[in-house]
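This report refers to the structure that appears directly beneath it.
Bear in mind that the values in this text are calculations on the coordinates, not laboratory data. Just so you know, these numbers come straight off a predicted model, no measurement behind them. Positions of Cβ are generated from backbone atoms using ideal geometry, with glycine treated the same way; all protein chains shown enter the neighbour counts.
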Amino acid sequence: MYASSSELNHPYYPQRNKGNTRHEVYRLVPTKEQLPMLAEWRQRSGFDFWSQAHLAGHPVDVRVPPYLQREFRANLDRHGVEHQLLIDDLEQVFEKERQWAQTRAVSRNPESRISFTEYVRYDEILQYLSDLASNYSDTVTVESIGNSYAGRDLDIIKISSGGDDTRFVILIDAGIHAREWIAPAAALYVINQLVENAAESALADNVDWHTVPVLNPDGYDFDNTDDRMWRKTRSIEITGCLGVDGNRNFNFHWNETCSSNDPCSDTYARPMDFSEVETSYLRNYINRNIDCIKLYLTFHSYGPYMLYPWGYTSELPDDWETLDALRQEAIEAQEAAGGPNYTIGSIYNVMYAASGVSNDWVKGVPGVNLSFGNELLGGGDTGFDPPASDILSIVTPFFEAIRVSGQYVADNYG
């Protein structure tokens, strides 16, 4: 299901071509001359760009609803845009995803506290964190940094081998965009390895790890029950369209570029920065712990990219060479473990322009120099996220990149 019944009555979801319910996904390969046209399409309500039109020759994946498909194909042909139909019926992909989840639920080992062969629900994630705090009470504590718009706990797990909260901290968050399920899965794998794999426990010898595995639980749960492509929060707007893009809601060059003032847009930045309780609670947590936080990592998809600031401008931060070198080392480690090659660079120059994003704010306002965005693999012709059966093959080598980041903090600050 793509949208709730109330939202389908909004002009954002025109009721045209009722006989066709198939959402299609196209992969475009634009030339430099075609990029401005794609940028215009990206601003139109209805088109859902999974990867952004920013660099000539780079693939751009876009979901097209039924009522726009004829116009979209005509425009592709008229402008000569190289393209292929990646998915002809997205609902069929989601149905396979649901069937896989049902199969895994039946066959799951009751002794296992968490699964990395399926995308788990938020209540399962909270239970897993609680179990870790109970079973590893000498190293693990869990607390809520606040509540989501709908009242769900925003739990953070702290992993520490000692130091009474005086050690430097690596802060991780994931799932600010609800539909990016591989991001919470990666955060959970990092937690799992640091806590339950004795061979990795040394990573917490001199540095503490704080992780919010799902920063947007309302949207994440809505993805599971109503709309698999939901991206935003679930706060109420008087316009009839719900939610805000949490990763356009941070007060650093907020709402300057490639965010939207349209409440129905997936990149809606809201009339006020930090309007969302989820982003404001993360801000408050960072401000309370700013003397300790030395590295910030936010997990997303559709990648693969490893990114550093800035998103609002093509200019690079003064220390970009340090940031770039650390990302290069991280990529080499995860490639050696069998992972893919991630593209490195600033958000603006490598992926797309975006203002009001979390890792820009973390570096630009509280001043955490090591601030990175990690865009994990998308699913390509199997949907927005990789099939659940591929989770482990993605998060296992990606952990090696996280290991490099953690070791850098330990060596330089521990």
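Within segment 282-296, identify whether any single residue is more than 19 Å from the chain's Cα centre (by Cα) and without any contact (Cβ under 8 Å) to a residue 40 or more places away in the chain, and answer yes or no. For segment 282-296, residues more than 19 Å from the chain's Cα centre (by Cα) and without any contact (Cβ under 8 Å) to a residue 40 or more places away in the chain: present.
Of everything in segment 150-176 that's in contact with a strand residue (DSSP E or B) (Cβ under 8 Å, 6 or more places away or on another chain) and charged (D, E, K, R), which residue is farthest from residue 413 (Cα to Cα)? Within segment 150-176, the match that is farthest from residue 413 (Cα to Cα) is 153.
Checked against the criterion of being on the phi < 0 side of the Ramachandran plot and either in contact with a Phe, Trp or Tyr (Cβ under 6 Å, 6 or more places away or on another chain) or basic (Lys, Arg) (or both), the candidates 358, 393 yield just one match: 358. Are any residues in segment 201-245 free of Cβ contacts under 8 Å to residues at least 24 places away in the same chain and under 19 Å from residue 384 (Cα atoms), and if so, which ones? Scanning segment 201-245 gives a single hit, 225.
Residue count for segment 128-165 satisfying the condition of being more than 24 Å from residue 203 (Cα to Cα), buried (at least 21 other Cβ atoms within 10 Å of the Cβ) and touching a Lys or Arg at 6+ places or on another chain (Cβ under 9 Å): 1. Annotation: residue 179 fulfils all but one of (1) outside any helix (DSSP H, G or I); (2) touching a strand residue (DSSP E or B) at 6+ places or on another chain (Cβ under 6 Å); (3) closer than 20 Å to residue 123 by Cβ; the unmet one is (2).
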